[in-house]
Amino acid sequence: MHPWALSVLFLAALWSNACAAPELTPEQRGRVFGPPTSVSMNKPVARVPLEGSDRRGYYKCTYLHVSINGHGPFTFLFDTGASYTSISSEVIRAAKLPLELDRGGYHDLLRIAILKIGQVEIHDLTAVRDDDFEVDGVLGFRSFGNMNLTFDLHERVLLVSEQPVPLPGGFELPYELNHNIPVVPVTIDTMHVPILIDTGDDAYAFELRSDDLKGAVFSHPPVVAYSVQNGPNRQATSFTTLESAVRLGSLAFEHAVVGINDDLTVSDFGVDFLKDFRFEIEPQRKVVTFQPLFAGSAPPIRGNLSLGFTSDPQGKVTNVVPGFGAEGRGMRPGDRILSVGGRKPGGFTPREWDSLLAKRKPIPDRWGRAESERTDLFEVAGLR
């Protein structure tokens, strides 16, 4: 029933809704989109647990606990798809942060003297006020300066180190900064496509713009799917399965299920893809090393599990996916969901909902239209 969260900050977002705000000077822009003054640790490799969730309960992305100038803890998302660091008004008040540049209460600039994450201290980091992301703050890609960053989303840990961490059996790819965020080269059929490594995206394992799929062969025309949340905005998506192979380094992924989202600035790999690797980002050499956590050939890039519909917290059906059982039983947008699995609409946390779908067992759903009601068993299936 739940739509997915999608958390990405791009350069353009900094200027939206701020037409009357003071322009940033080149020096201020450099600090917003640049690294902190310094990063320090008390050991060669700092281990940072990836734990917590946003305020809606979404938990898959790289959330971590921080303190700011001795205040906290606060829950931040470390989003490699974020061009800059943002911070909520609530945390600004709690940490007693003074404004560096007042831009009318939206996208004000602040300077954080010390942001501490476990054994890591980030010094003199510029942040932007933003209350759109349902989290205390979002650390941008360059928040850790030139430190090497090794992610293990399966074990839910981030390693921060001055020297690279060995990843035996891994392969290395160069990355470039596109909108100040890291993209790696991927081949789809014969097309070379820059793909963002996005630790802030839990919408689809693999999400692309239509422009990046020109020439690719689909198993079927794209099917309209759910909308996803990007800050305050909802973005329409569709999905299909690629007959064209997807190549990442030496790996070839066959029959990849892809979400198509033309509101993306950059196509991306989300956390449901990245969790199959340990991967290390080396800013000084501008490379990413991928260590597969699977043996043999690449596993399929699968689509999300679904009952074939979404509804809002009040139970109003917002979308019905063509080809699923819900459509076959006559459900349509605007119908009412009265209960799912014996619980009221909105009664599941994202973690509980994901756990329920992961069992892949039919789920009883009581729903209706006008004065009529009915109960059906809905199969759990993957988008494909």
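Can you tell me which of 132-141, 315-324, 96-105, 77-86 comes out highest on packing, and rank the rest after it, using the mean Cβ neighbours within 10 Å?
On the way: 132-141: 25.2, 315-324: 17.4, 96-105: 13.2, 77-86: 26.8.
In decreasing order of mean packing, 132-141, 315-324, 96-105, 77-86 become 77-86, 132-141, 315-324, 96-105.
Compute the distance in nm between two label points, each set 7 Å from the Cα along the Cα-to-Cβ direction, one at Asp262 and one at Asp376.
Simple spin-label model gives 3.0 nm for this pair.
Quick check: residue separation of Gln163 and Thr187 times 0.36 nm, minus the Cα distance between them. What number comes out in nm? Write out the running numbers ahead of the final one.
Details: separation 24, 0.36 × 24 = 8.64 nm, distance 2.99 nm.
Gain on extension, Gln163 to Thr187, equals 5.6 nm.
Report the Cα centroid-to-centroid distance between the range 51-107 and the range 294-350 in angstrom, as an integer.
31
Can you tell me the dipole magnitude for the chain around its Cα centre, using point charges on the Cβ only (Lys, Arg +1; Asp, Glu -1), in Debye to the nearest 20? Kindly include the intermediate steps, with their values, before the conclusion.
Details: 38 positive and 47 negative charges, 169 e Å.
Taking the Cα centre of the chain as origin, the dipole is about 820 debye.
What is the Rg over Rh value, at two decimals, for the chain, using alpha-carbon atoms and the Kirkwood definition of Rh? The partial results should precede the final answer.
On the way: Rg = 21.4 Å, Rh = 21.9 Å.
Ratio of gyration radius to Kirkwood radius: 0.98.
Kindly provide the helix-only [θ] at 222 nm of the chain, computed as the sum of -39,500 (n - 2.57) over DSSP H runs of four or more divided by all residues, to the nearest 500 deg cm²/dmol? Don't skip to the end; give the middle numbers.
Values: 5 runs with 31 residues, N = 384.
Calculated mean residue ellipticity at 222 nm is -2000 deg cm²/dmol.
A short reminder: the numbers here are calculations on the coordinates, not readings from a lab. All values derive from a computational prediction rather than experimental measurement. Note that we place each Cβ from the backbone using ideal geometry, even for glycine, and neighbour counts take in every protein chain shown.
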